[in-house]
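The structure under discussion appears below in the form of structure tokens.
What follows draws every value from the coordinates through simple rules; no lab data is involved. Just so you know, these numbers come straight off a predicted model, no measurement behind them. Cβ sites come from the backbone with ideal geometry, for glycine too, and all protein chains shown count toward neighbours.
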Amino acid sequence: MMKKITFLFIFLLMNLNISFAYSKNKIVFIDLNFILSESISGKKILNELNELSKKNEKNFKEDEKKLNAKKNEIKNLKNIISENEYKKKIKEFQINVSSYKEKKSKIIKTFENGKKKN
């Protein structure tokens, strides 16, 4: 009986394919956020993007202030000018607002595309 158990044990050990996976290539993960924030060129790119973003925000705020001033000016002229002139000024203002929105969206898209390229 003991011989049968030993034979069975040896037979099972021989038939088991114990294989170890050896890789010739190492798998490496790269943390791009770390590289971007810690490398010299990455810091330079981030600074340029931040400066461009601040510049765009400043320009947007200036344009919005001008539009608000124009809006208030039109409101103040409501009782002074004729109805036709008032409607004409409102249409001009709406055209200015729509062109501002288009300009803003183009600048934002350009900025986002530039961020993706870098």
**Q.** Entries in K55/K117; K66/K104; K66/K91; K43/K117; K71/K109; K44/K103 that, when Cα-Cα distance is taken, lie over 18 Å
**A.** K55/K117; K71/K109; K44/K103
Q: Scan the stretch 65-118 for trypsin sites (Lys or Arg not before Pro) in coil per DSSP, keeping those whose Cβ has at most 14 other Cβ atoms within 10 Å, and list them by number.
A: K78
Q) Taking only C-alpha pairs under 8 Å that are 6+ residues apart, what is the relative contact order of the chain in percent? A) 22
Q | Integer Hz, Karplus 6.51/-1.76/1.60 couplings in order for the stretch 102-107, x for Gly and Pro | A | 5, 4, 5, 5, 5, 5
(Q) Report the Cα centroid-to-centroid distance between the stretch 80-118 and the stretch 29-77 in angstrom, as an integer. (A) 18
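Restricting things to Cα coordinates, could you compute the convex hull volume per residue of the chain in Å³?
Working: hull volume 28.7 nm³, N = 118.
Spread over its residues, the Cα hull of the chain gives 243 Å³ apiece.
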Q: Sum -39500 (n - 2.57) across every DSSP H segment of at least 4 residues in the chain, then divide by the residue count to get the 222 nm mean residue ellipticity, nearest 500.
A: -27500 deg cm²/dmol
Q.
Name the residue from N79, T110, N50 whose Cα lies farthest towards the positive end of the charge dipole of the stretch 2-117, charges +1 on Cβ of Lys and Arg and -1 on Cβ of Asp and Glu.
A. N79
Q: Using a cut-off of under 12 Å, list every residue of the stretch 66-90 whose amide N is near the label point 7 Å from the Cα of K103 along the Cα-to-beta-carbon line.
A: 66-67
Q | Nearest-20 debye value, the stretch 60-118 charge dipole, Cβ charges on Lys, Arg, Asp, Glu | A | 320
Q) What is the helix-to-structure angle for 40-76, meaning the angle in degrees between its Cα long axis and the longest Cα principal axis of the chain, kept from 0 to 90 and rounded to the nearest 10? A) 30
**Q.** the stretch 54-111 - Rg and Dmax from Cα coordinates, angstrom
**A.** 13.9, 43
